[in-house]
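The values are calculated or read from the model by the stated rules, or taken from the named source; none is laboratory data. Quick caveat: nothing in here was measured; it's all calculated off a predicted structure. Cβ: placed from backbone, ideal geometry, glycine included. Neighbour counts: every protein chain shown. Ligands, DNA and RNA are excluded from the accessible area calculation, which covers all protein heavy atoms including side chains. Shrake-Rupley method; radii C 1.70, N 1.55, O 1.52, S 1.80 Å.
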Amino acid sequence: MDIRLGNGFDVHAFTAGDRVTLCGISVPHDKALLGHSDADVGMHAVTDAIYGALAEGDIGTHFPPSDDRWRGAASHVFLDHAAKRAADRGFRIANVDLTLICERPRIGPHVDAMRAELARILGIGRSRVSVKATTSEKLGFTGREEGIAAIATAALVSP
Ligand code: MG
C-alpha cells in the first residue's frame with residue numbers, strides 16, 4: 001500500500017466587497033478576497049495539499065497566474081483537476097482536513113455546506129472531509145483582518 005500525505009497553505013488579502021467565496025460557498029461579509037481567480041483560499045489550500053501528496057507542484061504549476069484563462073476562475077476547476085490527477089495516478093483520497101484562519105466572517109454556520117461542496121468535488125464521502133476554523137487571537141495579519149489564511153492536509157492511498 002502506498003500512502004501519501006500532502007500539505008497546502010494559502011493566503012488571500014481582503015479588498016472592498018460584500019462577500020467571500022470559501023470552499024465554494026458564498027459567505028456574506030463586509031469585504032471580499034483579492035486574487036487572480038475567485039480567491040477561494042480554502043479550496044486553494046486543499047488543492048495544493050493534493051498536489052503536494054502527489055509531488056506534482058502546486059496550483060501555479062498547473063494553472064499559471066500569467067495565463068488569462070484562469071482570471072476570475074471558479075476554484076473548483078483547480079480542485080477537480082487535482083482530484084483527477086490523483087485518480088489517474090491510482091490514488092484515492094482518504095481524507096482532507098482544512099483549517100481556515102480569520103477573525104471574521106464567522107465560519108461555523110457554513111461548515112456543513114463547505115464540507116458537502118468539497119466532498120462533492122472530490123467524489124468522496126462527507127465524513128472524509130473536515131473543515132475547521134480558528135482565529136489568531138487578533139495577532140498578525142489575520143488578527144488585523146487584512147486577509148484570510150488556510151492550511152490543509154490531504155491523505156492519499158493507493159492499494
Ligand atoms: Mg490562492
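Could you list, in sequence order, all residues of segment 3-56 that are open to solvent by 20 Å² or more (accessible area, probe 1.4 Å), assigned to a helix (DSSP H, G or I) and within 9 Å of the ligand (Cβ to nearest atom)?
48
Scanning segment 78-119 for residues that are aliphatic (A, V, I, L, M) and free of Cβ contacts under 8 Å to residues at least 40 places away in the same chain, which turns out surrounded by the most Cβ atoms within 10 Å (Cβ to Cβ)?
The selected residue is 82.
If you scan segment 25-51, which residues turn out to be more than 18 Å from residue 154 (Cα to Cα) and modelled with pLDDT of 95 or more? Can you show your working first?
Within segment 25-51, the first condition is being more than 18 Å from residue 154 (Cα to Cα), and the residues that meet it are 25-39.
Within segment 25-51, 25, 26, 27, 28, 29, 30, 31, 32, 33, 34, 39 qualify.
Identify all residues within segment 120-131 that are open to solvent by 30 Å² or more (accessible area, probe 1.4 Å) and either under 12 Å from the mean Cα position of the chain (by Cα) or touching a residue at least 40 places away in the same chain (Cβ under 8 Å) (or both); write none if there are none.
Pass one, segment 120-131, residues open to solvent by 30 Å² or more (accessible area, probe 1.4 Å): 120, 123-128, 130.
Selection gives 123, 130.
Collect the residues in segment 93-117 that are under 25 Å from residue 141 (Cβ atoms) and not in a strand (DSSP E or B), keeping them in residue-number order.
Within segment 93-117, 102, 103, 104, 105, 106, 107, 108, 109, 110, 111, 114 qualify.
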